[in-house]
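Notes to accompany the following structure.
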Amino acid sequence: MDILISPRPLRGDLTVIPSKSQAHRLLICAAFSDKPTLLQCAETNRDMEATAECLTALGANIIRTDSGFTVFPVETVPEKARMNCGESGSTLRFLLPVAGALGVDALFTMEGRLPQRPLSPLWEEMERMGCTLTRPTPDTIRCTGKLRPGAYRIDGGVSSQYITGLLLALSLLGSGCQLEVTGKIESRPYIDMTKAAISLFGGDPDHPGDKRFHSPGEIRVEGDWSNGAFFLAANALGSCLTLHGLDPDSPQGDRAVQEKLSLLGSGAPRISAADIPDLVPILSVAAAAQHGAIFTDIRRLRMKESDRVASVIAMLTSLGGRAEADENSLTVYPASFTGGIVDSCNDHRIAMSAAIAATVCTGPVTILGAECVRKSYPSFWGEYRRLGGHYEQHVR
């Protein structure tokens, strides 16, 4: 599906959708709790649903309701499970160690770029501690054996998702577990989110396995700063939107978007992407439309749903901007967006960033593969139109 946008600013009120990052963590904790949990989560997406379906394969009973999910926890762990992660890196990296902790013979299937995204050093640490991991086909991973209690060690410089997966897994293994994270820790706020979720269910993230999860009964998934960032950036570029549902005290690292947008509005700053890799596409749009910026610590952006260094540069160039990158920095130059044709590269954040860029373009913008927003924000195009965005939809 392609979208042809006629540029105009956005106006109106918007309730931000629930946080995908928090929902993953709460679903997993609820699935291994002592009683049912109601997760208030009015809108879902493909990644959340992938996690819910994988937990169902592990023995949970998860019912989608109008208000969210009702999670009936695992009572009997299956001997075997087939788990479709779709394109969700969080689902795979969180549940691979969980399946190992349960001792399930699990076959994980993957779609899109997920089979090419890294799993080292999580892979090696799981094998060191009792599991056997294989690749039966390029788009599947099989996990057999069972993780044993003990001292785990992982480099924190590749992905915080590995640390989250191990924290969740060790919480299921019983006492006698500890996790040492070495090196520079990337995306530390996401680890804090995991610890907050474990604590909410009565666990002790610093002493995993000492306490069983206890359901708090009902939880509301908070608003998503990652997706709210697109509309906050639209405001920075001249739209007039009032956003509801964002918690200023949230542990979500992407609430830093407000600070970063303020910096971009007053100059051409250097901004580290180490803790906010998902914000770089939309911050790049805001930078180009204002004073420019240099984004550092960008290596991990090359391992996302697209190579986000290449896809961001291509997006900005297609719209009349200019950017260039070296090994670990991305320089965005100030520009006047003229419009053009943007290939989303099947990356939801590129598609939504281009849509916000279109609000300040002088000519029309075509976004190829615009349906990719379903990964994280299925209602995005409907909201965009409701807020005054004008586009035509073309099905290929």
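Taken together, the values in this text are just the output of simple stated rules run on the coordinates, not laboratory data. Small disclaimer: the values here were computed from a predicted structure and weren't measured. Counting neighbours? That spans all protein chains shown, and the Cβs are built from the backbone with ideal geometry, glycine included.
Based solely on its DSSP helices, what 222 nm [θ] is calculated for the chain when runs of n ≥ 4 H residues each add -39,500 (n - 2.57) and the sum is averaged over all residues, nearest 500 deg cm²/dmol?
Numbers: 12 runs with 131 residues, N = 396.
Per the formula, -10000 deg cm²/dmol.
Between E327 and Q258, 0.36 nm times their residue separation minus their Cα-Cα distance comes to what?
Values: separation 69, 0.36 × 69 = 24.84 nm, distance 2.69 nm.
Full extension from E327 to Q258 adds 22.1 nm.
If you average the sequence gap of Cα pairs under 8 Å that are 6 or more apart and divide by the length of the chain, what percent do you get for the contact order? Provide the component values of the computation, followed by the final result.
On the way: 938 pairs, mean separation 84.5, N = 396.
Dividing the mean separation by the residue count of the chain yields 21 percent.
Please state the Cα pair-distance histogram of the range 36-165 with 10 angstrom bins from zero: what percent is in each bin?
13, 42, 34, 11, 0
In a GNM of the chain with a 10 Å cut-off on Cα contacts, which of I63, I341, I271 has the highest mean-square fluctuation?
Top of the fluctuation ranking is I63.
By counting other Cβ atoms within 10 Å of each Cβ, how are S266, S284, S199 ranked from fewest to most?
Numbers: S266 10, S284 27, S199 14.
Fewest-to-most ranking of S266, S284, S199: S266, S199, S284.
Nearest 5 is fine: what % of DSSP beta bridges in the chain come out antiparallel, could you say? Mind showing how you got there, number by number?
Values: 33 of 58 bridges.
If I count the DSSP bridges inside the chain, around 55 percent turn out antiparallel.
For I341, list long-range residues whose amide hydrogen, built 1.01 Å from N in the peptide plane, is under 5 Å from its own amide hydrogen.
T366
Kindly flag which residue pairs out of K184/K375; K20/K195; K80/K184; K20/K146; K80/K195 have an alpha-carbon separation exceeding 25 Å in this structure. Could the numbers behind the result be given before it?
On the way: K184/K375 29 Å; K20/K195 16 Å; K80/K184 36 Å; K20/K146 29 Å; K80/K195 29 Å.
K184/K375; K80/K184; K20/K146; K80/K195, as the Cα separations exceed 25 Å there.
How about the range 51-103: which GluC sites (Glu not before Pro) there lie in a loop by DSSP and see at most 11 other Cβ atoms within 10 Å?
Numbers: sites: E53, E75, E79, E87; in loops: E75, E79, E87.
Answer in residue order: E75, E79.
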